[in-house]
Amino acid sequence: MNTREKEEYLREYEVLKKKGKPFFPYAIMKDSVMACVVVAVIIFMSLYLGAEQGPKADPTTTTYVPRPEWYFFFLFELLRVIKPPELVPIATIGVPTIAMVLLLLLPFYDRNPERNPLKRPIASIAGIMTIVAMAFLTFLGANAGSPTDIEIDVAPEYEAGKLVAAQSGCLACHQFGENGNNGPGPKLTEIGARLNPAAIARSLEIGPGIMPSYASMAEDEPEKFSDLVAFLSSLNGEEEVAASEASTTDQSVESAGGDAAVVEPDAGSSADGAGATTGSGETP
Amino acid sequence: MPDLQKLLPPPMRRPPKPGHPNGAGNGDAPAALKNGDEPESPVTDNPGKRLTTGVKDAPADLVGWVDERMGATSFLTAMLMRKIPKGTNWFYTLGSATLFAFVVQAITGVFLAMYYTPSPVEAYASITHLTNDVFLGEFVRGMHKWGASVMVILIFVHMARTFFFGAYKYPREINWVIGVVLLILTMTMGFTGYLLPFDQRSYWATIVGVNINGTGPLVGPYLSDFLRAGPEFGATTLQRFYAIHMLLVPGAIIAMIGAHLYLVVKMGTTAPPWLRADRKPKESRSHEVDAIANGDGANGSSGNGAAS
């Protein structure tokens, strides 16, 4: 804005102000009505949505995958949308920082004297796009389901193992059906068809490649571990078949590497050393 | 440019002129002021009379007595009787609504602080006690929890209104910057407050949040060390978040709100951008804008038009 435009604006504003009404009672009335609406909405939300308390914080669990408050969903969703590891710093650092700086400096780079939103299309469209993008990311974040969810239908006896898999961070590197990240680890949707249970158990304990070892789980919580192996073995891409096969036989197999007994209810496989070795090579 | 000259002395220090258009001439001032919220607000018939009675009959008149020692009348009169531009509509209540949501947060927060223990061992139990045993405890906690969401929504809508109305432009640039700082501070409140219930959800979300902070440019690692009170999440982290949540950031927010409001009063609220002072011939305006202006002008002149 140059000096002439500034003076013109101030003159115009002065005229409109002279034609206006005093702050009291007109604006105060509207503000008070609005304040009542705000407090009524807050009270309503408090009464109907409540303030439930989750389970106590436990720093020793490593399986709890957190969700932020909903108004940070768009930031978290940004992280999910941008998958390649080399781009993640851009999502976490770049976008929010740039957005913040752009927002702070808005009056200094938008020097168009026009104020009517209909007459400054670029600014208006940019604003609307920003709102739509944030709303869309928030919507995605709200509907993404818990990041710990695996939405594959399995037979009831594998539900426990599915929960263990969901909470053990497998989804960070592996994909189960539609859930989880596709990479760096292979898809596990049909892992049961490719590896026998003993091979799966071995892979979990060794942690081939960059995959972390789950040997401590096999030692400390053998039941969880066997549930996990059973669940993974049941994944052969055809959910119904897996369920019916599984219900026929239950067989106990000594896991090759550790002292934990792995209960695996898939009849077609036995713990042979060759299978376990190839398995550990393929599984990461 | 009369407005620029008005900027120089703060109104609270300038005694009202006897013939001030906002004071003596306004018929509904006294009744209106008496209905005001503040019981101690110094009320007189008009500023001119106040000056004389204040000096001569102070002991007989409590309001005059107070006012003689505070001189608040002129400030209040200038505040309350200042003109707001033609066409001001319901969109202009969003800022005060955000402020009110903050007040709700402050009040409920004080009551929560009376029962909360910011130690990793006792925090969860104190929230359980507050929720289950304390009278209206869950209700107040719910208000604080959901009030945060309401405040965040309101602050974003208020910012969107400011953006689309071009209200951040000359001469209100600084107020926009202060507003963005307030937005960041409000998000900081949301972030630090999320840890305090100390359940699984809040604990792990905060760990992830602090780690993400740590990847920030330049100050990032120092910021997350500061937040955690060390390189790892420790026993003092919760206390640190508590102090930030209820002392540091609220103090900053209150100071910033003060500056924000000061500038709002100083610069005046904007008129809707489609309104033009009717000094120019009508041909210079487009029909579309004209229609909007007339429509809203009608609302404005009826005083309390319906929500637009």
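The values are calculated or read from the model by the stated rules, or taken from the named source; none is laboratory data. Being a predicted model, the structure only gives us computed values, none of them experimental. Here the Cβ is made from the backbone with ideal geometry for all residues, glycine too, and neighbour counts use every protein chain on show.
What to note about this one:
- Residue that is nearest to the other protein chains (Cβ to nearest Cβ) [pool: residues in the stretch B:110-123 that are surrounded by fewer than 21 Cβ atoms within 10 Å (Cβ to Cβ) and assigned to a helix (DSSP H, G or I)]: B:Phe111
- Residues of the stretch B:229-242 that turn out to be closer than 14 Å to B:Tyr194 by Cα and either at pLDDT below 90 or of a type in the set (Phe, Trp, Tyr) (or both), as a count: 2
- Residue check, B:Tyr124 in contact with a strand residue (DSSP E or B) (Cβ under 9 Å, 6 or more places away or on another chain) and in the same structural domain as B:Arg228 (by TED's automatic domain parsing): yes
- Reported count of residues in the stretch A:18-70, each being more than 7 Å from every other protein chain (Cβ to nearest Cβ), in a helix (DSSP H, G or I) and among the acidic types (Asp, Glu), is 0.
- The residues in the stretch A:2-17 that are among the charged types (D, E, K, R), facing chain B (nearest Cβ under 7 Å) and over 49 Å from the mean Cα position of the chain (by Cα) can be counted, and the count is 4.
- Within the stretch B:158-182, considering residues that are surrounded by 20 or more Cβ atoms within 10 Å (Cβ to Cβ) and among the hydroxyl-bearing types (Ser, Thr, Tyr), the one nearest to the other protein chains (Cβ to nearest Cβ): B:Tyr168
- The single residue among A:Ala99, A:Ala91 that is under 30 Å from A:Gly185 (Cβ atoms) and without any contact (Cβ under 8 Å) to a residue 40 or more places away in the chain turns out to be A:Ala91.
Each row is one residue, and each column tells you yes or no for (1) among the polar types (S, T, N, Q); (2) outside the structural domain of B:Leu263 (by TED's automatic domain parsing); (3) more than 15 Å from A:Tyr26 (Cα to Cα); (4) modelled with pLDDT of 85 or more.
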| site | (1), (2), (3), (4) |
| --- | --- |
| B:Gly54 | no, yes, yes, no |
| B:Val63 | no, yes, yes, no |
| B:Gly71 | no, yes, yes, no |
| B:Pro85 | no, yes, no, yes |
| B:Ser96 | yes, no, no, yes |
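- Residue in the stretch B:133-151 that is closer than 30 Å to B:Trp274 by Cβ, crowded, with 22+ Cβ neighbours inside 10 Å and touching a residue at least 40 places away in the same chain (Cβ under 8 Å) present: yes
- Test: B:Ala101 is touching a residue at least 12 places away in the same chain (Cβ under 8 Å) and in a helix (DSSP H, G or I): yes
- Meeting the requirement of 2 or more residues that are within 11 Å of another protein chain (Cβ to nearest Cβ) and polar (S, T, N, Q), the helices (runs of 4 or more DSSP H) wholly within the stretch B:183-278 are B:200-214.
- The residues of the stretch A:150-161 that are modelled with pLDDT under 80, closer than 15 Å to A:Ile191 by Cβ and out of contact with any Cys (no Cβ under 9 Å at 6 or more places or on another chain), listed by number, are A:Ile152, A:Val154.
- Cβ separations smaller than 7 Å between residues 6+ apart or across chains give the following pairs from the stretch B:210-236 residues that are of a type in the set (Ser, Thr, Tyr) to residues that are at pLDDT 85 or above and buried (at least 16 other Cβ atoms within 10 Å of the Cβ): B:Ser224/B:Val210; B:Thr236/B:Ala229.
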